[in-house]
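Comments concern the structure below.
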Amino acid sequence: MVSSQIEMRGVTNPAVLAAMRKVERNKLVPDDLQPVAYADSPLPIGHGQTISQPYIVAYMTELLSPDPAKRILEIGTGSGYQAAVLAEIVQDVYTIEIIPALAERAKANLEAMGYRNIHFRVGDGGLGWPEEAPFDGIIVTAAAGVIPEQLLEQLKPGARMVIPLGDSGSVQSLNVVVREGGGFKIKETIGVRFVPLTGVTQQ
């Protein structure tokens, strides 16, 4: 999977590639999808949500520029796959999921896989996790109509946010937001398709 789907498409960060090789994606997808657990595509995980395709997980992780000293906030736990990949690289992952059933399943699966540096919360991800802020990076795994102001405020100076922006009914743009000085610099990267970010910040 890593050599054919990820390296060949330009992901080069050694830590990201190592994490993608280590995380067992099959343990985070429904039983009936085991035969396609490592396919280069998103897969349904229930409740109208998906587990992202491996390439997108790797690409977004690389855009975040993770390293072992960083604390990362993830918005949208979903299956827990992105959180697991990050947890292989960074010091701590704080992940928020708005759907309780998904949060509970991801927590159980990730703890069974041995992860102890992932911290879970059920709630509106657009509000962030102010008690643990500021963060060295924020990754949003759902498409937002606008960037939640609360998330921008929880970025450290110089830190990055990776977030899909756009309408859930069409192709969205994956953006990198960097907090610089008194403002934010936004760079658009590739087109993506994500489920919509839900919660009060997106109403």
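Among the residues of the stretch 108-145, those that are under 19 Å from T50 (Cα atoms) and surrounded by 21 or more Cβ atoms within 10 Å (Cβ to Cβ) comprise L110, G125, G126, I139, V140, T141, A142, A143, A144. For beta carbons closer than 8 Å, sequence separation of 6+ or different chains, a first residue in the stretch 22-47 that is under 18 Å from A112 (Cα atoms) and in contact (Cβ under 8 Å) with a residue 60 or more places away in the chain and a second that is hydroxyl-bearing (S, T, Y) and outside any helix (DSSP H, G or I), the qualifying pairs are L28/S79. All but one of (1) closer than 22 Å to Q91 by Cβ; (2) touching a residue at least 40 places away in the same chain (Cβ under 8 Å); (3) in a helix (DSSP H, G or I); (4) not polar (S, T, N, Q) hold for G126; state the number of the condition that does not hold. The one condition G126 does not meet is (1).
Considered as a group, the residues in the stretch 146-163 that are in a helix (DSSP H, G or I) and touching a residue at least 40 places away in the same chain (Cβ under 8 Å) include one that is surrounded by the most Cβ atoms within 10 Å (Cβ to Cβ), and that residue is L151.
Return yes when A58 is surrounded by 15 or more Cβ atoms within 10 Å (Cβ to Cβ), touching a helix residue (DSSP H, G or I) at 6+ places or on another chain (Cβ under 6 Å) and closer than 15 Å to V162 by Cβ and no when it is not. Yes.
Across the stretch 164-180, the qualifying residues are those that are modelled with pLDDT of 95 or more and within 18 Å of A133 (Cα to Cα), and the one among them that is surrounded by the fewest Cβ atoms within 10 Å (Cβ to Cβ) is V178. Checked against (1) of a type in the set (S, T, N, Q); (2) surrounded by fewer than 24 Cβ atoms within 10 Å (Cβ to Cβ); (3) part of a loop (DSSP other than H, G, I, E, B); (4) touching a residue at least 40 places away in the same chain (Cβ under 8 Å), Q5 passes all but a single condition, namely (3). Of everything in the stretch 129-145 that is out of contact with any Phe, Trp or Tyr (no Cβ under 8 Å at 6 or more places or on another chain) and outside any loop (DSSP other than H, G, I, E, B), the residue that is nearest to K70 (Cα to Cα) is D136.
Scanning the stretch 181-197 for any residue that is in a strand (DSSP E or B), surrounded by 19 or more Cβ atoms within 10 Å (Cβ to Cβ) and at pLDDT 95 or above turns up nothing.
Does at least one position in the stretch 96-106 carry a residue that is surrounded by 19 or more Cβ atoms within 10 Å (Cβ to Cβ), basic (K, R), without any contact (Cβ under 8 Å) to a residue 40 or more places away in the chain and over 16 Å from A19 (Cα atoms)? Yes: the stretch 96-106 contains one or more residues that are surrounded by 19 or more Cβ atoms within 10 Å (Cβ to Cβ), basic (K, R), without any contact (Cβ under 8 Å) to a residue 40 or more places away in the chain and over 16 Å from A19 (Cα atoms). Where strands (runs of 3 or more DSSP E) fall entirely within the stretch 20-118, those with at least 1 residues that are farther than 17 Å from L197 by Cα and at pLDDT 95 or above are at 71-75, 92-97. Kindly evaluate D31 against the criterion of being surrounded by fewer than 23 Cβ atoms within 10 Å (Cβ to Cβ) and in contact with a helix residue (DSSP H, G or I) (Cβ under 9 Å, 6 or more places away or on another chain). It is false that D31 is surrounded by fewer than 23 Cβ atoms within 10 Å (Cβ to Cβ) and in contact with a helix residue (DSSP H, G or I) (Cβ under 9 Å, 6 or more places away or on another chain).
The values are calculated or read from the model by the stated rules, or taken from the named source; none is laboratory data. Just so it is clear, the structure is predicted and the values come from calculations on it, not from any experiment. For neighbour counting, all protein chains shown are included, and Cβ atoms are generated from backbone atoms with ideal geometry for every residue, glycine included.
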